[in-house]
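Report on one structure; see the data block that follows.
Nothing in this text is a laboratory measurement; each read-out follows from the coordinates by a stated rule. For clarity, every value in this text was computed on a predicted model and none was experimentally measured. Note that each Cβ is placed from the backbone with ideal geometry, even for glycine, and that neighbours are counted across all protein chains shown.
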Amino acid sequence: MNDFSLNREEWYRVRDDRTKRVDNVGGFENYSVGVVIDSKEVPSYAIQVMTLIALNVLARWCRKIRIEIPKETISCLPHRRGRNFEDILRQMMKDADPYGDFTFGPVSQKDVNQVLLIGQNAKGPIRPGVRIDGWGWIAGIHYGVDFSTHPAYDENPVGPVFASCLGVAELFRQAVGMPSSNSHSSWYSLFDFERADTPTQLSNPQYQSEKDLGRIHQVGCGAVGSSLDFLLSLTDWQAELFLIDFDKVEFTNCNRSLCLNPFDVVHERYKVDACSEALKTSRMQSLPFASSYNEFISKGHFLDNSPDIILCLANEQNIWSCVQHNFPPLVLHATTTPSWGLNFGRHIPLKEWCILCRFGDEIEREFTPECSTGHLEIMGDKKNTTLGVLPFLSTAGAILILSELAKLGRSEYPVNKNFIQFSMRTSEGSFVQMQRYGKERCICREQPTNLYPSQIRNTKYWKLLNPT
């Protein structure tokens, strides 16, 4: 920590600033958590993903964590195989919080406020703990109840990652004193965004572990975008991924991103470079551009490197108009809200609403959505105040994007409707799905097929999404 510029008090003040801006959130500063990992299944991909993500997100707000895991566990994760798993976890958590009290060893009930149990066979203290399990497309969250699962051994990160978000959200609700039911259990499938009482009632089809997504323009490397890049490093997918963002990492980014850390701030790194670093050991070819998307397009990069997919994960500089006025292919976007929510949107050209149908044209309407980078007027000051955002929401938003990418190429695509909402305010949330079509007075109505450049009409998913 010799090159870390903030003392402990200053660090937690700036790191937790965005978390504490959420209404009625506070009191988590002295909350401690024990994490017990299923010793029988810890060699499996699903258990290791849940552990990696849960501890990463926990370290963004919980300052004291005790982890019980077999000491000689070897990583099976892509691009991390063969390394000592405890060493990976220890370094990741210290990178996220240089002052965190993170220790490894047996978890005792008397030493922590609550316990997170990862996997069916994790044995924790007597009092009810928060238990998560996930595999394939399936994620489960449980408190005060027993359950039985039938894990698979594929390398699908979707269910395990969402289970981690659900578990950390439950811990956070308890840490800030929100009322919780005495016992509850919920299972979700992110294949079709359904919820059930048992996992056998949910869709969990085969996962394509190796695929080439083509060329992607990722516009925005903030909380959702950078977390998505961390998740992509857990896959064996390939893509040519253009990372586009003009911002440098700030201390306030460190409360919610899986890969943006305080040392990125110390070294004045651009977000695109931090994301590219996270992808370095993956099969993704990352190409960072520390500029705005407007500048990226004005330099001729759009058609010279015509995208198969655009991930719109930013809201600055009139980005929605910029995307839609340039005849985009498939567009995916996700945002978080200051009220415990997240949502996902998809635009299939000529078939579904576009990003301007949803957000409007900033030039005309001066509209900014309530996401983690939006502005909120407090005491009459619109310029210097920002909205709160909770540590687990950005990862949850990123997994919605990842789940959609995982479905590309399937014969039944699109599987789900094009707008998804979910709230983590309570332990018993359900996905809300809506199918939305372009507004009558929107530019996407005026962009027939023959106006799209040939470079776009020849991209990877054009025929799949627009067979005519």
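The table for this structure:
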read-out	value
Local electrostatic count, Gly220, Cβ distance below 12 Å [Lys/Arg +1, Asp/Glu -1]	-3
Over the chain, relative contact order from alpha-carbon pairs under 8 Å, at least 6 apart, %	15 percent
Helix-only [θ]222 nm of the chain, DSSP H runs n ≥ 4, -39500 (n - 2.57) each, per residue, nearest 500	-7000 deg cm²/dmol
The chain - share of DSSP beta bridges that are antiparallel (%, nearest 5)	45 percent
For segment 216-311: Kirkwood Rh in Å [reciprocal of mean 1/r, alpha carbons]	13.3 Å
Charge sum, other residues only, whose C-beta stays under 12 Å from His79's C-beta, Lys/Arg counted +1 and Asp/Glu -1	+3
Tally of Lys pairs whose C-alpha atoms are under 19 Å apart, taken over segment 23-201, 8 or more apart or cross-chain	7
Space enclosed by the convex hull of the alpha-carbon atoms of segment 23-201, per residue, Å³	119 Å³
Lysines whose Cα lies under 21 Å from that of Lys211, excluding same-chain neighbours fewer than 8 positions away	Lys280, Lys407, Lys460, Lys463
Neighbour-count ranking [beta-carbon atoms within 10 angstrom, fewest first] of Ile138, Ile69	Ile69, Ile138
Burial ranking of peptide ranges 91-101, 438-448, 54-64 (average Cβ count within 10 Å, highest at the top)	54-64, 91-101, 438-448
Percent of alpha-carbon pairs separated by more than 34 Å within segment 212-465	11 percent
Inter-centroid distance (Cα atoms) of segment 426-468 relative to segment 44-86, Å	38 Å
Counting DSSP beta bridges with both ends in segment 23-201, the antiparallel % (nearest 5)	50 percent
Alpha carbon convex hull of the chain, volume per residue in cubic angstrom	139 Å³
Length released on extending from Ala196 to Gln435, taking residue separation times 0.36 nm less the Cα-Cα span	83.9 nm
Residues His142, His301, His325, His347, sorted so that the one with the fewest Cβ neighbours within 10 Å comes first	His325, His301, His142, His347
Ordering of 213-220, 200-207 by packing [mean C-beta count within 10 Å, highest first]	213-220, 200-207
DSSP-defined beta bridges in segment 212-465 - what % are antiparallel, rounded to 5	45 percent
In segment 265-321, trypsin sites (Lys or Arg not before Pro) in a DSSP loop with at most 13 other beta-carbon atoms within 10 Å	Lys280, Lys299
Relative contact order (percent, whole number), segment 212-465, Cα cutoff 8 Å, 6+ residue spacing	21 percent
